[in-house]
Amino acid sequence: MAEKIIRNIGDPVLREKCRPIGAVNSTIIKLLDDLRDTLYAVPGRAGLAAPQVGIAKRAAVLDCGTGLIELINPEIIERSGSQEGAEGCLSIPNVYGFVTRAQAIKVKTLTRSGEETVLEAEGHLAVCMQHEIDHLDGILYIDHVKQGDLYDETTDKPIRVLDLIRLSKQG
């Protein structure tokens, strides 16, 4: 297990559609453990997807205050309601924006033992799951932000969304 380097906006792996995981084996277990170690290396982190550490596989971890959740080949199978809130991303440091997401979701995923399960989430946990699953499809939260709704975390001054999107696609 080890803390990995988090890739930043502009790295092409963040825009890749990740490959499904065929079987949960020792390599995938190590990936989950490394994601967990990287997530918990700095207090306050909510989630981390495999492409954020340079691996284009459909795996992510999150802890939005209720304990560690591991996602393997997650698929949102149901969405309901709507909520808007501020989001940030470890791969886009010092920036936050306002995003509209589903209020509640159901996610089909695999456990680390390879069993299929369905998780239900609402509120902040639903936002975290949707954010991490987006990463697995090469989507960043800034892709959902309307112009004028993205800000510098240290100054609270607006940032042009289009400038960040262009940077992220240049790689």
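The values are calculated or read from the model by the stated rules, or taken from the named source; none is laboratory data. Given the structure is predicted, the values throughout are model-derived calculations rather than measurements. Please note: Cβ atoms are built from the backbone with ideal geometry, for glycine as well, and neighbour counts cover all protein chains shown. With ligands, DNA and RNA removed, areas are computed over all heavy atoms of the protein, side chains included. Shrake-Rupley method; radii C 1.70, N 1.55, O 1.52, S 1.80 Å.
Some notes on this structure:
- Hey, residue 121 in a strand (DSSP E or B), surrounded by 20 or more Cβ atoms within 10 Å (Cβ to Cβ) and out of contact with any Asp or Glu (no Cβ under 8 Å at 6 or more places or on another chain) or not: yes
- The residues in the range 53-94 that are within 15 Å of the chain's Cα centre (by Cα) and over 22 Å from residue 26 (Cα atoms) can be counted, and the count is 12.
- Residue that is most open to solvent (accessible area, probe 1.4 Å), among those in the range 23-54 that are free of Cβ contacts under 8 Å to residues at least 40 places away in the same chain and of a type in the set (Val, Ile, Thr): 27
- Among the residues of the range 132-160, those identified as among the acidic types (Asp, Glu), in contact (Cβ under 8 Å) with a residue 40 or more places away in the chain and either open to solvent by 60 Å² or more (accessible area, probe 1.4 Å) or within 23 Å of residue 17 (Cα to Cα) (or both) are 132, 137, 153.
- Residue in the range 56-79 that is farthest from residue 119 (Cα to Cα), counting only those that are modelled with pLDDT of 95 or more and open to solvent by 60 Å² or more (accessible area, probe 1.4 Å): 57
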